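Throughout, read-outs are computed from the coordinates displayed, never taken from laboratory work. Since we're looking at a predicted model, the values are computed, not measured. Note that we place each Cβ from the backbone using ideal geometry, even for glycine, and neighbour counts take in every protein chain shown.
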Amino acid sequence: MKCFEKEGNVILENVEAFDIEEILECGQCFHFTKLSEKEYELINYGRYLHVSQIDKNVILYKTDMETYERVWKNYFDVERDYNDIKHKLIDIDDRLTTAIEAKPGIRILNQDFFETLISFIISQNKQIPHIKKIVHTLSDRYGSEVDVDGRIIKLFPTPEQLKDVSEDELRECKVGFRAPYIRDAVVKVVSGVIDENELRSIGAGECMKRLMSIKGVGEKVASCVMLFALGYRSTFPVDVWMKRIMEYMYYDSPAKKEDIVALASEKYGEYAGYAQQYLFYYGRENGIGK
DNA sequence: ACCCAGGGTTGCA
DNA sequence: TGCAACCATGGG
């Protein structure tokens, strides 16, 4: 891959295992809009990005190398060798081939911690389109403005911006019974009880425990935050889809989530998080396990 | 009218 | 420890 700045854009030339549509639509993030085929705008890290892809070339519009190096390179997990990961997974179990080859351009994003935490608290018992809608509503109401060619775009609110938002106001954003959960998350982040840097350094087990001390954060939501925002790539979130898919692949009868997580850890090891994402996207698109 | 969604908490055995 | 009712909301 070659990377350079040209006419105010940053170009990633000849990318490997990188498909902007698969990356954004695979269910790991919610704050983006499709503009046209392989062309999107997205919000993350308090920033707006307009991005498109033609074949193996990706264009990050109106940004510079400094910003790319500091923000988007890490966000898109550019440095990681996904072809190697895919080979490792297929070596572990060649039945992963179908899912991997269906969406070979998936990458796991390194997303903003707070936005990921709130987004996945919202995600419980909701479908993806509705999660997206609520994330956009929260941003419209409480986030900062960014001027994009005269058009006003709203960022996801910071912990400070949500600090004084009441449960009732949150309910007006249609978060329903999750309102007190969001409140608790905001309070714990603002007070420093939940600290991103600590979570990154204390290890997976302890990180999981700390996240689950937030009301409304159980093992699944915590797993998603760990995998999609905190760099714990061996984490294996099990939702209704992953339960069905794993039962379809490895069991002949309903299995406990706990056992599925243990099996994934045993089989996929440090690659469990990647396996999860290939399987989730494939299983959901194809209705595996009905 | 009924069921389900990238679940979690509470209550009760 | 295990299980099920319940939680808001929208879409099929």
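Taking amide hydrogens as placed 1.01 Å from N in the peptide plane, the amide H of A:Ser144 sits under 5 Å from those of A:Leu155, A:Thr158, each at least 5 positions away in sequence or on another chain. Between the stretch A:241-290 and the stretch A:210-231, how far is it from one alpha carbon centroid to the other, in angstrom? Centre-to-centre distance over Cα atoms comes out at 18 Å. On the basis of the beta-carbon distance and an R0 of 41 Å, A:Ser36 and A:Ile92 show a calculated FRET efficiency of 0.65. Which FRET efficiency value, to the nearest 0.05, is calculated for A:Glu21 and A:Ala204 with the Förster distance at 41 angstrom and r the Cβ-Cβ distance? Taking R0 as 41 Å, the efficiency between A:Glu21 and A:Ala204 is 0.85.
Compactness of chain A is given as radius of gyration and Dmax, 18.8, 57 Å, from Cα positions.
Using just the Cα positions, wrap the stretch A:14-121 in a convex hull and report its mean projected area in square nanometres, one decimal place.
For the stretch A:14-121, the mean projected area of the Cα convex hull comes to 7.5 nm².
This ranking places A:Arg70, A:Arg151, A:Arg183, A:Arg107 by how few other beta-carbon atoms lie within 10 Å of each, fewest first, which gives A:Arg151, A:Arg70, A:Arg183, A:Arg107.
Give, as a single signed number, the net charge of other residues whose beta carbon lies under 15 Å from the beta carbon of A:Tyr68, with Lys and Arg counted +1 and Asp and Glu -1. Residues near A:Tyr68 contribute -2 overall. The stretch between A:Asp195 and A:Met249, if pulled fully straight at 0.36 nm per residue, gains 15.7 nm over its current Cα-Cα span. Note on A:Glu79 and A:Gln127: the model spin-label points, each 7 Å out from Cα along the C-beta direction, lie 4.0 nm apart.
Report, in debye and to the nearest 20, how large the dipole of chain A comes out about its Cα centre when Lys and Arg carry +1 and Asp and Glu carry -1 on their Cβ.
Roughly 860 debye, rounded to the nearest 20.
Residues in the stretch A:56-73 carry Karplus couplings, in order, of 9, 10, 10, 10, 9, 6, 6, 9, 9, 4, 4, 5, 4, 4, 7, 10, 6, 4 Hz; the curve used is 6.51 cos²θ - 1.76 cosθ + 1.60 with θ = phi - 60°, and Gly or Pro positions show x.
Counting 0.36 nm for each residue step from A:Asn14 to A:Lys174 and taking away their Cα separation leaves a gain of 53.4 nm.
Annotation: peptides A:173-182, A:222-231, A:125-134, ranked by per-residue average of other Cβ atoms within 10 Å with the highest first, follow the order A:222-231, A:173-182, A:125-134. For the residue pairs A:Lys56/A:Lys154; A:Lys88/A:Lys267; A:Lys73/A:Lys132; A:Lys34/A:Lys86; A:Lys126/A:Lys215, alpha carbon separations beyond 19 Å are given by A:Lys56/A:Lys154; A:Lys73/A:Lys132; A:Lys34/A:Lys86.
In sequence order, the stretch A:150-160 has phi-based couplings of x, 9, 8, 10, 9, 7, 5, x, 7, x, 4 Hz under the Karplus curve 6.51 cos²θ - 1.76 cosθ + 1.60, θ = phi - 60°, and Gly or Pro positions carry x. Residues A:Asp195, A:Asp91, ranked from the fewest to the most other C-beta atoms within 10 Å, line up as A:Asp91, A:Asp195.
Counted by neighbouring Cβ atoms within 10 Å, the residues A:Glu79, A:Glu198, A:Glu219 run from fewest to most as A:Glu79, A:Glu198, A:Glu219.
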